[in-house]
Amino acid sequence: MVEAKPATPPADIHQLLAQVGLRATPPRLAIWQVLHEANDELDAVALLRRAQLIEPRTSLGTVYRFLRELEQHGLASPRPVAHERSRWRLGPPDASMSPQPPALAVMARLAAALGYRLVRTG
């Protein structure tokens with residue numbers, strides 16, 4: 001059995017989450033810590049597995065909800081991957097990604113409002 005490590009998120013994470021109206025629960029702090037320490041982009045399942053080593057009560061639902069909340073506040077961003085789960089990292093979307101044409105941006109917002117995400121293929 002793997003022993004849980006104590007959570008050691010950056011000291012300012014409590015204040016940052018409070019500023020955007022989010023509670024700093026142990027599962028959220030574990031998710032943030034994993035994202036903060038990751039050397040690569042993680043999908044939600046890989047993120048869950050690593051976060052559970054820090055906080056065993058972390059659930060997949062919490063991971064997805066917290067990622068979406070971080071995205072809404074510009075604190076994390078996904079990189080959609082065709083036919084796979086999106087990969088996540090802290091920070092706003094990559095500047096290297098080309099800006100969307102206005103019509104596509106409107107479609108992306110509409111899709112997001114309905115619970116979908118447009119994914120670039122090819």
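The values are calculated or read from the model by the stated rules, or taken from the named source; none is laboratory data. This is a predicted model, so every value here is computed, not measured. Quick reminder, even Gly has a Cβ in these numbers, built from the backbone with ideal geometry, and neighbours come from all protein chains shown.
Here Val81 clears all of (1) modelled with pLDDT of 90 or more; (2) surrounded by 13 or more Cβ atoms within 10 Å (Cβ to Cβ) except the condition numbered (1).
For the range 26-64, filtered to residues that are in a loop (DSSP other than H, G, I, E, B) and at pLDDT 95 or above, the residue that is surrounded by the most Cβ atoms within 10 Å (Cβ to Cβ) is Thr58.
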